[in-house]
Amino acid sequence: MWEVRKSKVHGTGVFATEDIKKGKKIIEYIGKKVTKAEGDKISENRIKRYLNSKTTGSVYIFELNSRYDIDGSPLYNKARYINHSCSPNCEVDIVRGKIWITSIKKISKGDEFSYDYGYDFDKDDFNDHVCNCGSLNCIGYIISKEDWPKYKRWKKRIKAK
């Protein structure tokens, strides 16, 4: 149903090898289950490592629930290669303790899978997460669509100064 290959969006991506209907579970995001405290510490360490190097990297910590995260960094977790988009064709569904990437529209063979990473807008670090999705409505940063109004209000205030 899918394959991992080079992406124009960011490094590596996951692509459909057949047409996929809306509402189809595509791939499970898997890895080690860690506590929130462990997940925060792993994230912090990986962010520091990548900010101080010439390589780009990803954190791969995914919130499972209020107590646990999934560390999706192991190479066997192919879902970790699904990129963010401001016009995604997938969404995240957490069902019975499992994280599924599910299609939210018809996806054609050859299309790259994407979902909204759901990053909160934070005026101090949104610049660290530039979006290269290329969609017509791209906001330029990996910010949850729910937080776009906050970003736009902030941007308007900054321009007014």
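Laboratory data are not the source of any read-out in this text; all were calculated from the coordinates shown. On a predicted model such as this, the values are computed, not experimentally measured, just so you know. So basically every Cβ, Gly included, is an ideal-geometry build from the backbone, and we count neighbours across all protein chains shown.
By the helix-only formula, in which each DSSP H run with n ≥ 4 contributes -39500 (n - 2.57) and the sum is divided by residues, the chain has a 222 nm mean residue ellipticity of -6000 deg cm²/dmol. Run the reach check for residue 48 against aspartates and glutamates, Cα to Cα strictly under 15 Å, same-chain hits fewer than 8 apart removed. What comes back? Within reach: 40, 125, 128.
With θ taken as phi - 60° and the Karplus curve 6.51 cos²θ - 1.76 cosθ + 1.60 applied, the whole-hertz 3J(HN,Hα) list for the range 107-121 is 10, 8, 3, x, 6, 7, 6, 7, 8, 7, 5, x, 5, 5, 6 Hz, x standing for glycine and proline.
If you add up the charges near residue 61, with Lys and Arg at +1 and Asp and Glu at -1, over every other residue whose beta carbon is less than 13 angstrom from its beta carbon, what do you get? Net local charge, residue 61 excluded: 0.
Each Lys or Arg adds one and each Asp or Glu subtracts one; over the other residues with Cβ under 10 Å from the Cβ of residue 32, this totals -2. The alpha-carbon of residue 21 sits under 18 angstrom from the alpha-carbons of these aspartates and glutamates, leaving out residues fewer than 8 places away in its chain: 3, 91, 93, 111, 112. Residues whose amide H falls under 5 Å from that of residue 12, counting only those 5 or more places apart or on a different chain, are 7, with hydrogens built in the peptide plane. Wrap a convex hull around the Cα atoms of the range 55-120, take a quarter of its surface area, and give that in square nanometres. Dividing the Cα hull surface by four gives the mean projection, 5.9 nm².
Excluding same-chain neighbours fewer than eight residues apart, the lysines reachable from residue 156 by a Cα-Cα span under 24 Å are 123, 145.
With a sphere of radius 11 Å drawn around the Cβ of residue 122, what net charge do the other residues whose Cβ falls strictly inside it have (Lys, Arg +1; Asp, Glu -1)? List each step's numbers first, then the result.
Working: positive: 123, 150; negative: 120, 124, 125, 128, 147.
My count for the surroundings of residue 122 gives -3.
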